[in-house]
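Working notes, structure below.
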Amino acid sequence: MSNNNSAKKRERQNNTRRMRNRAVKSEVRTALKSFEKSILAEDKAAAEVAMKQSFKLLDSATSKGVIHRNTSSRKKSRIYAALAKLN
């Protein structure tokens, strides 16, 4: 437990940021699962919509500093490759 006021404030800030980061990561994972589901179903139209949503969320998470830019780039590359393989 923290003893002084600055440490208490730091705990509050860290908790707020952690919860925000968890929400963003969860949203990204959900979008990626949606894309994978549409790929498995071989639904090209749904896959393209899910791809756009995934890209948007990945870029947003990257700009917020929640995930590393290389991680985002790698995931986008794999998504694009999976969609190309579907065609």
Identify all residues within segment 68-81 that are among the aliphatic types (A, V, I, L, M) and within 13 Å of Phe55 (Cα to Cα); write none if there are none.
Ile79
Starting from segment 1-19, keep only residues that are closer than 23 Å to Gly65 by Cα, then list their pairs with residues that are modelled with pLDDT under 95 and among the small types (Gly, Ala, Ser) whose Cβ atoms are within a distance under 7 Å, requiring at least 6 positions of separation or different chains.
Glu11/Ser2
Say we look at segment 50-71 and pick out the residues that are over 21 Å from Arg20 (Cα atoms) and in contact with a Phe, Trp or Tyr (Cβ under 9 Å, 6 or more places away or on another chain); which of these is surrounded by the most Cβ atoms within 10 Å (Cβ to Cβ)?
Ala50
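Quick check: anything in segment 72-80 at pLDDT 95 or above, loosely packed, with under 14 Cβ neighbours inside 10 Å, closer than 19 Å to Arg18 by Cα and among the basic types (Lys, Arg)? It would help to see each step written out before you state the result.
From segment 72-80, those at pLDDT 95 or above are 72-80; that's our starting set.
Among the residues that remain, those that are also loosely packed, with under 14 Cβ neighbours inside 10 Å are: 73-74, 77-78, 80.
If we keep only those that are closer than 19 Å to Arg18 by Cα as well, we get none.
Checked segment 72-80: no residue is at pLDDT 95 or above, loosely packed, with under 14 Cβ neighbours inside 10 Å, closer than 19 Å to Arg18 by Cα and among the basic types (Lys, Arg).
The values are calculated or read from the model by the stated rules, or taken from the named source; none is laboratory data. What you see is a predicted model, and the numbers here were worked out from it, not measured in a lab. For neighbour counting, all protein chains shown are included, and Cβ atoms are generated from backbone atoms with ideal geometry for every residue, glycine included.
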